[in-house]
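Every number here is computed from the coordinates shown, using simple stated rules; none is lab data. Keep in mind the model is a prediction, meaning the values are calculated, not measured. Cβ coordinates were reconstructed from backbone atoms using ideal geometry, including for glycine residues, and neighbour counts include every protein chain displayed.
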Amino acid sequence: MNCSCCNRHIKHPYHWDGKVYGKQCWIKHCLPELEAIRAQQDDERLQKRIITSRIYQEVFKQKKVRGIKNEFKLKFIPSIINQVKKGRMLSNKQMDLCSRMFNDKDYRLYFTLRVQSGLDDPVTHLMNGQLTPDDLEITNEEAAKLVITYREIPATPEAIGSTINEHEWSL
Ligand SMILES: [Zn+2]
């Protein structure tokens, strides 16, 4: 077996893109490509986390807090809105807590915004009954802004840091 790059005989083949390479050629030619793909995937994950944080913020902004008596919730909701406003993403734990405070109306807005932002496929939500066609026709100013800014949000070091240093929240 010969390296598809330098044609030298190889004992231990490395595979990439349907071809075989010797170790040195693989490191030189294939690894940078592999790393570029990984970096792009990381960037996409980051973008998704940023937009999801903004969706939680938007749902909480529209949530009617008048009926809420629980003191933790009354503090938590504005703190989430504020954190995202400052450009810091939410941790998984925070997102989980947000979801647990959602009522049916909040969930509909949440899924609608996910669809409008391009994170979710509308068909899935329509099929499992999480959204109706009427929900998807909601044209709200904030949702429109969210869609437009999806690709424009910069991944600031601060935003990245907030996923590493997860905030501790207790109910
Ligand atoms: Zn080679």
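Modelled spin labels at Asp121 and Lys11, positioned 7 Å past Cα toward Cβ, are 4.7 nm from each other. Pairs exceeding 25 Å between alpha-carbon atoms, taken from Lys28/Lys48; Lys64/Lys93; Lys48/Lys69; Lys23/Lys48: Lys28/Lys48; Lys48/Lys69; Lys23/Lys48. A Förster distance of 45 Å, applied to the separation of the beta-carbon atoms of Ser99 and Leu31, puts the FRET efficiency at 0.70. Using the Cβ-Cβ distance between Gln47 and Lys69 with R0 set to 35 Å, the FRET efficiency from 1/(1 + (r/R0)^6) comes to roughly 0.40.
Taking trypsin sites (Lys or Arg not before Pro) across the range 29-71, the ones in a DSSP loop with at most 11 further Cβ atoms lying within 10 angstrom of their Cβ are Lys64, Arg66, Lys69.
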